[in-house]
């Protein structure tokens, strides 16, 4: 009985740990830019927002719409000032930042 | 070691691309044209300048150049549909010919304008090597069109036409060189290939890290 309890407890712990390892998504921010016409040159955006900013879970880049969609980790974000600096540091012109963007609605 | 680099470079021919990468990016480029083979590595601390080293071998002479390079984005104009750039390209170092070594320098301006469909660029350069061929002037222009518009992360294809002008060359076939090219890139990898008007095959490779 004790062994079964211990085994079930261990399984529960492992299941909880596996869910915790995958970060939950939080806020989505849409960034409108100018100059995003070259895919090869835009590779840096993935490097900037993927590796250098742990607050960002992932990004989508649209050359057609001239947008960068930032998917933040839950309870994490970057200020508008920080986002603006990262965009201009990559050589693009910032047009606008839209907070709490819903990709499904738009 | 230099010969190994140049042999590798000989497999990859004339790469021309923006001389500055994204902030914090490393780039390897190989340039191998009718007169030289060049291996170029650069680091871009910002999206506005890059520092690098180039190793150059001149095919018709026993000459090797080792240069430090600095490139600067002078001006960029971004619009909703295009980007235009003006770069200053400089390099300086030593040229080795036989047992002799000479100061070597290069100063150039490069400009490009592109949309998702059209591309055009122009580059001009003054090259000086003390006691070797003194100074030389070169210029080059490209136009290109994308047969289809690709999205971010897709395979991009460009059809390009490059025209080079080397006024100091004695033969007409060497003064003006025309090269139709196909450019492909996906992610951090870019390759170009074609055959120029002198019948030389061209394959380019650029990798961004």
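With each label point set 7 Å from Cα along the Cα-Cβ vector, what nm distance links residue B:77 and residue B:60?
About 3.9 nm, to one decimal.
Just tell me how shielded B:179-191 is by partners: mean number of partner chain Cβ atoms within 10 Å of each residue's Cβ, no decimals. Please list the in-between numbers first.
Working: counts 0, 0, 0, 0, 1, 0, 5, 3, 4, 5, 2, 3, 0.
What the average comes to for B:179-191 is 2.
Hey, in the GNM for chain B with a 10 angstrom Cα cutoff, which one of B:162, B:175, B:69 fluctuates hardest?
Maximum fluctuation in the GNM of chain B, among the listed residues, is at B:175.
Is the shape of the protein assembly as shown rounded, prolate or oblate, going by the alpha carbon gyration tensor and its root eigenvalues a ≥ b ≥ c, with a/c under 1.5 for rounded and a/b larger than b/c for prolate?
Prolate.
For chain B, modelled as a Gaussian network with Cα springs under 10 Å, which listed residue fluctuates most, B:123, B:170, B:114?
B:170
Let me know the shape class of the stretch A:24-98, please: from the alpha-carbon gyration tensor, a ≥ b ≥ c as square roots of the eigenvalues, rounded when a/c is under 1.5, otherwise prolate if a/b is greater than b/c, or oblate.
Judged from the Cα gyration tensor, the stretch A:24-98 comes out prolate (a/c at least 1.5, a/b above b/c).
Rounded, prolate or oblate: which fits chain B when a ≥ b ≥ c are the square roots of the eigenvalues of the alpha-carbon gyration tensor, with rounded for a/c under 1.5 and prolate only if a/b beats b/c?
prolate
When Cβ neighbours within 10 Å are restricted to other protein chains, what is their mean count per residue of peptide A:29-38?
Taking the mean over all residues of the peptide, I get 5.
Along Cα→Cβ, 7 Å out, is where each label goes; now give me the distance between the ones at residue B:154 and residue B:193 in nm to one decimal.
Using points 7 Å along Cα→Cβ, the separation is 2.3 nm.
For chain B, modelled as a GNM with alpha-carbon contacts under 10 angstrom, which of B:164, B:151, B:101 fluctuates the most?
Taking springs between Cα atoms under 10 Å, the residue moving most is B:151.
A short reminder: the numbers here are calculations on the coordinates, not readings from a lab. All figures in this text were calculated on a predicted structure; none of them were measured in a lab. Quick reminder, even Gly has a Cβ in these numbers, built from the backbone with ideal geometry, and neighbours come from all protein chains shown.
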